[in-house]
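Here is the structure we will look at.
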Amino acid sequence: MSASLERGIAAFKEQIDAPVAAFFSSCVHCGMCSEACLFFTETGDPTLTPIYKLEPLRRIWKQEYTFWGRSARAFGLSKPVTDEELSKWETLVYDTCTLCGRCSMVCPVGNDITYMIRKMREGMAAAGHAPEGLISATKRAVTIGSPMGVKLPALQAQIRHMEEEIGLKIPVDVEGAEYMCLLSSMEIMNFPEYMGAMAKIFKQANVSWTISSEAFEATNSGIQIGVSEIAAELVQRIVDAAEKLKVKAVISPECGHAYMAIRWEGPNLVGKPFDFKVVHILEVLDELRKQGRLKTTGKETQRLTYHDPCQIARRGGVVEQPRNLLNMVADDFVEMPDTGTMNWCCGAGGGVSSNERADDMRLKAFNRKKAQLDAVHADGLVSACSNCRIHLEEGLEEYHMDIPVLSLTETIAEHLADD
Ligand code: SF4
Ligand code: SF4
């Protein structure tokens, strides 16, 4: 057995906790999880059944922790997991799973398959079977502080451009601000208007905020690749910056998995509760709306629909807020079939967008989003995740659909009433 396989098997064993054991032993092989997964529905490939993606982990559980599995292994009736097998499984675990959580919602016995895929990735990464693109992104996140390699001078340049455009200051390193706002590299480089939108909205609502020069990146490649130590290190950088600036709350940006990483996983990863709150930008905006501090004028007349990012809606519970906000600025807001907690993933989450090998597959899976959009004849598609946004734009182009993709925060900012 190679040293990397040995490391991987040890990591798999370590990942098998009571929930994983309970989930494997309670699976009734009904196959319902397959119909919930866009990679299965759009390909019909039975190997893309969510629970099947976990087969090597299931075999290790059986061989190590069950009487019959141990006996079968002792008599040579059960094959050990090999490097070749893990290599084959790499595409099932990384390229065709966005950690969207939809399969976990439908399992009749309550198996959290997504939780198990996260565990499986820990073993795969330890065994050296993670995709090249994701490995490089993770290395950049650790060494540079951004999976896309965005350094502080690049952020400062984008801030300067945006300040000139909007005529407002974008605060950096302001000690004692109420909120510290995180950004994703994609926002910084592709959608800097998001920073401008926050500046305009927070000025109108009289909210004190800042960006940290030491920890501005929200995304967490450690979670996507499946290396908890790296995930914890990336969270700790944010915690250190928030404590240094003495902010009351950290705002997770228009990024799906960043919210899951910092809000729901963060304290567990660093092993202690935060001294500050973590809120999603849509939660902040909706709270300002409730307090009468978010004032808009005019409405979009085109038919708009909303794509719920999986980690914000299904895994994060932010479902009502975007609808409240959209109804402030849209005359004709229409829901796609299967929205909210049962929305279909865009196809690019969970590290899939960092993995070039998965490009064809994610575009194939986009056919599911196309069907949702075809059902409502929308003129515009609004979302609240820059990763979704990039992939939605690419998918729409691939399927020759002329529908603009809009940021919800930016759309709100465009309708701000004059003071
Ligand atoms: S988490 Fe989403 S993409 Fe992954 S297996 Fe489940 S349904 Fe499919
Ligand atoms: S839906 Fe649940 S019980 Fe059915 S096959 Fe999938 S994991 Fe097993």
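Points to keep in mind about this one:
- Test for Thr43: is it modelled with pLDDT of 95 or more, within 12 Å of ligand 1 (Cβ to nearest atom) and not in a helix (DSSP H, G or I): yes
- Sole exception among (1) crowded, with 24+ Cβ neighbours inside 10 Å; (2) modelled with pLDDT under 95; (3) assigned to a loop (DSSP other than H, G, I, E, B) for Met260, by number: (3)
- Helices (runs of 4 or more DSSP H) enclosed by the range 113-180 - at least 2 residues per element that are under 22 Å from Pro50 (Cα atoms) and aromatic (Phe, Trp, Tyr): none
- Test result for Ile230, in contact (Cβ under 8 Å) with a residue 40 or more places away in the chain and surrounded by 24 or more Cβ atoms within 10 Å (Cβ to Cβ): no
- Check on Val284, part of a strand (DSSP E or B) and within 20 Å of Thr219 (Cα to Cα): no
- Residues located in the range 37-79, provided they are closer than 20 Å to Ala130 by Cα and of a type outside the set (Ser, Thr, Tyr): Phe39, Leu48, Pro50, Ile51, Lys53, Leu54, Glu55, Pro56, Leu57, Arg58, Arg59, Ile60
- Cβ separations smaller than 8 Å between residues 6+ apart or across chains give the following pairs from the range 82-109 residues that are within 17 Å of Leu5 (Cα to Cα) to residues that are within 15 Å of ligand 2 (Cβ to nearest atom): Trp89/Lys53; Trp89/Glu55; Val93/Lys53; Val93/Ile117; Val93/Met120.
- For Glu254, the criteria (1) more than 18 Å from Ser146 (Cβ to Cβ); (2) at pLDDT 95 or above; (3) within 20 Å of the chain's Cα centre (by Cα) hold in every case but one, which is (1).
- Any hit, the range 268-279, residues being at pLDDT below 95, closer than 21 Å to Trp209 by Cα and of a type in the set (A, V, I, L, M, F, W, C): no
- Any hit, the range 20-40, residues being farther than 30 Å from Leu363 by Cα, without any contact (Cβ under 8 Å) to a residue 24 or more places away in the chain, among the small types (Gly, Ala, Ser) and surrounded by 15 or more Cβ atoms within 10 Å (Cβ to Cβ): no
- The range 12-37, residues that are in a loop (DSSP other than H, G, I, E, B) and either in contact with a Lys or Arg (Cβ under 7 Å, 6 or more places away or on another chain) or within 13 Å of ligand 2 (Cβ to nearest atom) (or both): Cys27, Val28, His29, Cys30, Gly31, Cys37
- Residues being within 16 Å of ligand 2 (Cβ to nearest atom), under 20 Å from Phe39 (Cα atoms) and in a helix (DSSP H, G or I) - total across the range 60-110: 7
The values are calculated or read from the model by the stated rules, or taken from the named source; none is laboratory data. Since we're looking at a predicted model, the values are computed, not measured. As a convention, Cβ positions derive from the backbone with ideal geometry for all residues, glycine included, and neighbour counts pool all protein chains shown.
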